[in-house]
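What follows is calculated from the coordinates using simple rules that are stated; it is not laboratory data. Please read all numbers here as calculations on a predicted model, not as lab measurements. Using ideal geometry, Cβ is built from the backbone for each residue, glycine included, and neighbour counts are taken over all protein chains shown.
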Amino acid sequence: MKITSAKYLTSAVREEQILRDDLLEVAFVGRSNVGKSSLLNSLCGQKNLAKTSSTPGLTKMINYFLINGSFRFVDLPGYGYAKTGQKHIANWAGLMETYLLQSQSLRTVFVLVDCRHEPSDLDRMMLNFLIETQLPFVVIATKVDKLAKSKIPQACAGIAKSLGIRREMIFPYSSESGYGKEKLLEYLEGVLK
Ligand SMILES: Nc1nc2c(ncn2[C@@H]2O[C@H](COP(=O)(O)OP(=O)(O)O)[C@@H](O)[C@H]2O)c(=O)[nH]1
Ligand SMILES: [Mg+2]
């Protein structure tokens, strides 16, 4: 598929602000700084649709984007940032959990992990939650431009093994080079059918 239009819709910081209509949604989650905003921008072919930063923000909110006028990308709050206090973690988990448990039109969750690092305990928690609640998901291995091309398959296999999921569930991606973009858009088209 091609993404021909993408625009920011709204944000939710409280549970009652979560959108509850029946437009199809694809959600993005991952540790702060893993490259979530960059992935959104790269998929949509826009530089500043989602804000990118090398210093993760503390605001825990859900950002909604309308894609091709027909479905939504849902940018869920990043997790695992060191300066996030207990109160923030509780708030993050609450908002995230409510969204994931209540969304009627969520077609898949993209879980982002950095291709160069061993998945964290929070990544595992996230995955276990998705498995337990039977929400469909795939894993995006981000920033693969930081690896030699020949090392990418090996890195993906390592992540799959470490998470105990099938290799086919890992999509390597680079927002810098566009590596993996076509495959991911193809996958997206499939889940939105
Ligand atoms: N080399 C490289 N850097 C990336 C890539 N994606 C994101 N980054 C960098 O990683 C940092 C965090 O990215 P951002 O998209 O804001 O992460 P977020 O916190 O998960 O939304 C920024 O400095 C980005 O420029 C990528 O594919 N390749
Ligand atoms: Mg971000």
*Averaging sequence separations of C-alpha pairs under 8 Å and six or more residues apart, then dividing by the length of the range 6-192, give the relative contact order as a whole percent.*
23
*Pair L192, E118: separation of 7 Å Cα→Cβ label points (nm)*: 3.8
*Let me see the pair-distance distribution of the range 6-192: every alpha carbon pair, 10 Å bin width, integer percents in order.*
9, 40, 40, 12, 0
*Sequence-distant or interchain residues sharing an amide H contact under 5 Å with D114, placed H: which?*
T142
*Whole-Hz Karplus ³J(HN,Hα) for the range 143-155, in order, using 6.51 cos²θ - 1.76 cosθ + 1.60 and θ = phi - 60°, x for Gly and Pro?*
6, 5, 5, 7, 10, 5, 3, 5, 8, 5, x, 5, 5
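What pairs from K51/K181; K7/K161; K60/K151 go past 26 Å between their alpha carbons?
Details: K51/K181 19 Å; K7/K161 36 Å; K60/K151 34 Å.
Pairs exceeding the cut-off: K7/K161; K60/K151.
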*asked:* Along the Cα→Cβ direction, 7 angstrom out, place labels at L101 and L185. What is the inter-label distance in nm?
replied: 3.7
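Given the -39500 (n - 2.57) contribution per DSSP H run of 4+ residues, what per-residue ellipticity at 222 nm results for the chain, rounded to the nearest 500 deg cm²/dmol? Each step should come with its number before you reach the end.
On the way: 5 runs with 62 residues, N = 193.
The helix-only estimate for the chain comes to -10000 deg cm²/dmol at 222 nm.
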